[in-house]
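Data first, discussion second: the structure below is written as structure tokens.
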Amino acid sequence: MRAAASAVAVAMSCLVLCQAPVQAQNKEATKPIVLKGATLIDGLGGKPIPASILVIVDGRITAVGSAKSVKTPPGAQVVDLKGKTIMPGMISNHSHIGIVKGLKAGPDNYNRDYILSQLRQWEAYGVTTVTSLGLNAPEFYDLRAELHSGKAPGADVFGADRGIGVAMGAPPAAIVPVGPSQIYRPDTPEAARAAVAEMAARKTDLIKIWLDDFGKMLPVKVKPEVYAAAVDEAHKNKLRVAFHINDLEDAREALKAGADIIAHGIRDKEVDASTIDLMKKRSSWYVATLALDDSNFIFADKPKVTADPFVNRALDPAVKTQLEDPAWQQKVHDAPGSERARKALAMNQKNLMTLYKAGINIGFGSDSGVGLRFPGVAEHRELDLMVEAGLTPLQALTIATSGAAKLLKLDDRGVLKVGRLADLVVLDADPSTDISNAHKIAAVWHRGRPVAASIGTFAQR
């Protein structure tokens with residue numbers, strides 16, 4: 001990863017931009033804000049628009065296009081962004097909140113202050129919407145309401161309530177120690193239906209099921225009759241189901257049971273025609289989470305990554321100390337698990353390209369918020385790995401914006417067009433020509449307001 005603009009530059013940009021929407025809270029005093037002169041990536045995959053004009057009123061886009069097609073409204077406050085690039089705020093379809101703080105995972109991390117600090121970090125890195133895909137405590141719903149309404153700062157949040165696992169199995173308590181109010185582990189179809197009914201009553205956005213034995217590290221998987229009942233009950237309640245998987249066989253069985261979203265890439269074998277047909281039949285979504293396996297070795301294989309200011313500013317001090325320890329680096333580099341992760345990443349990248357070329361719906365996520373997948377940083381790493389796999393930068397950016405919005409069935413964000421929320425990232429260079437330019441964040445606007453925090457201000461404190 002290459003360094004982004006300095007934290008000072010980001011802060012200075014925000015000081016200038018933050019003056020613009022102060023009056024917007026009072027509708028009588030509202031006047032248009034015009035972002036003028038930037039190259040604009042609209043999120044739909046089309047050719048970037050040079051010297052664009054984007055008009056914001058009350059947090060939404062009211063006009064956008066070239067200087068020839070859009071006029072600056074009278075009395076508007078104009079922000080000159082000549083030489084910059086604008087893109088939509090990114091949307092994560094697979095993250096977790098309140099799980100890991102520093103080097104420690106535990107139920108005590110699921111608290112309002114810490115989660116808000118994470119959401120503000122995602123936002124500062126240009127991820128303006130996050131899906132917390134399971135392992136959520138009851139506090140999630142109050143937080144979701146505040147973020148949806150804009151009453152709390154940070155990335156907007158959606159979620160999958162607790163999710164369904166299995167006793168003595170996934171999600172493994174040794175790796176993800178969560179409280180009893182953060183996971184269901186039903187052992188019968190009836191218990192699975194009851195769990196889904198409870199989550200539905202709380203108005204969850206999605207249902208999550210873990211179907212994996214972590215390379216036979218765990219003694220059991222969720223039984224087919226249990227996850228089939230959970231899917232059936234979810235669909236009766238008009239809820240879609242995301243499956244955590246690793247293996248091709250589990251992905252295939254999940255799809256047969258009615259999976260709507262495959263929430264991790266298939267990493268043990270090449271995806272086959274029959275699985276592709278199942279995905280097409282169900283119009284299923286696929287979220288590769290390439291950064292998951294990458295995070296298991298990248299900081300050891302390439303120690304300079306940790307020193308990159310774009311990464312370094314996001315690190316908790318204890319994490320930074322560990323990543324910079326040569327003994328830790330050597331141990332992780334040589335570990336058998338790291339070699340498995342390298343092979344899994346390569347297979348995941350190959351399968352991503354196969355499915356993309358087959359026309360499968362591709363979502364965006366990195367499983368950030370768990371392990372060494374740091375909020376915001378992991379999403380940018382996901383972009384890098386998608387391009388490394390064979391996607392063009394513009395294809396990857398389209399998946400991370402409008403594609404991710406479509407997965408969540410959100411029609412108010414992910415694209416810079418009239419009527420959408422003004423969630424956008426201002427960059428010092430064009431990421432459609434070089435994906436590393438997405439790291440060069442000058443400012444982030446969320447719901448028409450510039451974010452006052454610079455990268456690193458909320459680094460997992």
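The values are calculated or read from the model by the stated rules, or taken from the named source; none is laboratory data. Just so it is clear, the model here is predicted, and its values are computed rather than measured. Ideal geometry is used to build each Cβ from the backbone, glycine not excepted, and the neighbour counts take in all protein chains shown. Accessible surface areas use protein heavy atoms only, side chains included; no ligands, DNA or RNA. Shrake-Rupley method; radii C 1.70, N 1.55, O 1.52, S 1.80 Å.
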>> Once you compute Rg and the Kirkwood Rh from C-alpha atoms, what is the Rg to Rh ratio for region 280-335?
In response: 1.19
> Per residue, what accessible area does the chain have, given a 1.4 Å probe and all protein chains present, in Å²?
Replying inline: 39 Å²
>> Within the chain, which is the longest segment that contains none of the GluC sites (Glu not before Pro) sitting in a DSSP loop with at most 15 other Cβ atoms within 10 Å?
In response: 1-138
>> Using only the alpha-carbon atoms of region 65-109 as identical scatterers, what base-10 log of I(q)/I(0) does the Debye formula give at q = 0.24 Å⁻¹?
In response: -1.03
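Could you give the size of the charge dipole of region 353-424 about its Cα centre, using +1 on the Cβ of each K and R and -1 on the Cβ of each D and E, expressed in debye and rounded to the nearest 20?
With Lys and Arg at +1 and Asp and Glu at -1, about 220 debye.
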> If you bin every alpha carbon distance in region 187-304 into 5 Å steps from zero, what whole percent lands in each bin?
Replying inline: 2, 11, 20, 21, 18, 13, 8, 4, 2, 1, 0
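Ranked from the most accessible area to the least, with a 1.4 Å probe and all protein chains present, what is the order of ILE175, ILE435?
Details: ILE175 90, ILE435 15 Å².
Highest to lowest solvent-accessible surface, that is ILE175, ILE435.
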>> How far apart, in nanometres, would the label points at LYS31 and ASP411 be if each is projected 7 angstrom from Cα along the Cα-to-Cβ direction?
In response: 3.4 nm
>> What is the angle, in °, between the Cα long axis of helix 273-282 and the longest principal axis of the Cα atoms in the chain? Nearest 10 is fine, range 0 to 90.
In response: 60 degrees
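What Kirkwood hydrodynamic radius, in Å, does region 260-371 give when the mean of 1/r is taken over all pairs of distinct Cα atoms and then inverted?
After inverting the mean inverse Cα-Cα distance, the result is 15.5 Å.
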>> As a quick test, which of the pairs LYS208/LYS280; LYS357/LYS440; LYS238/LYS280; LYS47/LYS417; LYS238/LYS350; LYS71/LYS417 have an alpha carbon distance above 26 angstrom in this structure?
In response: LYS357/LYS440; LYS238/LYS350
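Given the convex hull over the Cα atoms of region 156-227, what projected area results after averaging over all orientations, in nm²?
Result: a mean projected hull area of 5.2 nm².
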> Between LYS302 and ILE175, what is the spin-label point distance in nm, taking each point 7 Å from the Cα along the Cα→C-beta axis?
Replying inline: 2.3 nm
> Angle, helix 112-124 long axis vs. longest principal axis of the chain, Cα atoms, 0 to 90°, nearest 10?
Replying inline: 60 degrees
> How large, in percent, is the carbon and sulfur part of the accessible surface of the chain at a probe radius of 1.4 Å?
Replying inline: 54 percent
> Given q = 0.16 Å⁻¹, what are the Debye log10 I(q)/I(0) values for region 120-259, with equal point scatterers placed on the Cα positions and solvent ignored?
Replying inline: -0.83
> Over the heavy atoms of HIS333, what accessible area does a 1.4 Å probe trace out, to the nearest 10 Å²?
Replying inline: 80 Å²
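Take peptides 203-214, 351-362 and line them up by average Cβ neighbours within 10 Å, highest first, as a rough protection proxy.
For the peptides 203-214, 351-362, the packing ranking is 203-214, 351-362.
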>> So, R0 is 60 Å and r is the distance between the beta-carbons of THR321 and GLU190; what FRET efficiency does that work out to, to 0.05?
In response: 0.80
>> Considering the Cα positions of region 73-195, please state its Rg to one decimal place and its Dmax as a whole number of Å.
In response: 18.2, 65
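For region 35-135, go through all pairs of different Cα atoms, get the mean of 1/r, take its inverse, and jot down that Kirkwood value in Å.
So the Kirkwood estimate lands at 16.1 Å.
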> To the nearest 20 debye, what is the magnitude of the charge dipole of the chain about its Cα centre, counting +1 on the Cβ of each Lys and Arg and -1 on the Cβ of each Asp and Glu?
Replying inline: 1120 debye
> Helix 7-17 versus the longest principal axis of the chain: what angle, 0 to 90°, nearest 10, using Cα atoms?
Replying inline: 60 degrees
> Just the C-alpha atoms of region 309-446: what Rg/Rh do they give, with Rh taken as the Kirkwood radius?
Replying inline: 1.00
> Taking the Cα centre of region 116-167 as the origin, how large is its charge dipole in debye, to the nearest 20, when only Lys and Arg (+1) and Asp and Glu (-1) carry charge on their Cβ atoms?
Replying inline: 60 debye
